[in-house]
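The structure appears right after this line, and notes come after that.
Coordinate-derived values only; no laboratory data. Source: prediction; values computed, not measured. Quick reminder, even Gly has a Cβ in these numbers, built from the backbone with ideal geometry, and neighbours come from all protein chains shown.
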Amino acid sequence: MATTTSAAAHTSLASVTLEVADLGAARRFYDAFGVDTYIRLRASEVRSTGFRGFTLALTVSGPATVDGYVAAAVDAGATVLKPAAKSLWGYGGVVRAPDGTIWKIATSAKKDTGPATGDIDELVLLLGVEDVKATKQFYVGRGLTVTKSFGGKYTEFASGASSPVKLALYKRRALAKDLGVPADGSGSHRIVLGSTADTFTDPDGFAWEAAA
């Protein structure tokens, strides 16, 4: 591995593309949900069953904004996997879009300090992986910079200049549990990550392609 990484160094996340069966319906949903500027969509009939191994997580300012995003998603056709509620770390909920993508909307604030807004403080793509330490080293070898790391549980990378989405790794089973879904799944992840460098596939089968 060490001999091949130098040519692929300095990779960063340039874009996130969701593969959907119905492109028009997906565009309408994500426009109504309010996240259409953060992701790309591509028509695809690739097969996928169960948990796709990732979630897109919105961090917002307060509970009212969480509720607003959850309501917008549900009104546009999403299914609630976890109703928005208080927890030890803050307040949040989980929804599944009509195309099957799971979205988590959360805030560290337990009380509102102002009215709801449409502002997104951070959008994180969480990849559920079998071995966080090994996958972290794979990405470091491709030039990504680690900004947070908690042993074999969680790793976060620096954002690329061309993408508003931050990349992070989480253990697959822990991620599924957090989202309220069974961890089992097969087939395509139905997500493609845009690379500022070359095309490759990570140890858990997440595909990267050179961003246009």
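Yes/no matrix, rows are residues, columns are (1) of a type in the set (Val, Ile, Thr); (2) in a strand (DSSP E or B); (3) closer than 19 Å to GLY92 by Cα:
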| site | (1), (2), (3) |
| --- | --- |
| ASP112 | no, no, yes |
| THR117 | yes, no, yes |
| ALA134 | no, no, no |
| LEU144 | no, no, no |
| SER163 | no, no, no |
| PRO182 | no, no, no |
| ASP198 | no, no, no |
| PRO203 | no, no, no |
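With respect to (1) within 24 Å of ALA207 (Cβ to Cβ); (2) of a type outside the set (Phe, Trp, Tyr); (3) surrounded by fewer than 16 Cβ atoms within 10 Å (Cβ to Cβ); (4) free of Cβ contacts under 8 Å to residues at least 40 places away in the same chain, the lone exception for LYS153 is condition (1). Cβ-Cβ distances below 9 Å connect the following pairs, each with a first residue in segment 108-136 that is in contact (Cβ under 8 Å) with a residue 40 or more places away in the chain, a second residue that is loosely packed, with under 15 Cβ neighbours inside 10 Å and in a helix (DSSP H, G or I), and a separation of six or more residues or different chains: GLY128/ARG173; GLY128/ALA174; GLU130/ARG173. In this structure, is GLU130 acidic (Asp, Glu) and under 18 Å from the mean Cα position of the chain (by Cα)? Taking the combined requirement at face value, the residue satisfies it.
May I ask you to list the residues in segment 82-97 that are more than 16 Å from the chain's Cα centre (by Cα), at negative phi and of a type outside the set (Ser, Thr, Tyr)? Step through it out loud before you land on a result.
At the first step, the residues of segment 82-97 found to be more than 16 Å from the chain's Cα centre (by Cα) are 82-91.
Next cut, at negative phi only: 82-89, 91.
Residues satisfying the conditions are LYS82, PRO83, ALA84, ALA85, LYS86, LEU88, TRP89.
Given the conditions (1) outside any strand (DSSP E or B); (2) in contact with a Phe, Trp or Tyr (Cβ under 7 Å, 6 or more places away or on another chain); (3) surrounded by 15 or more Cβ atoms within 10 Å (Cβ to Cβ), and given that LEU126 satisfies all but one, which numbered condition is not satisfied? Unmet condition: (1).
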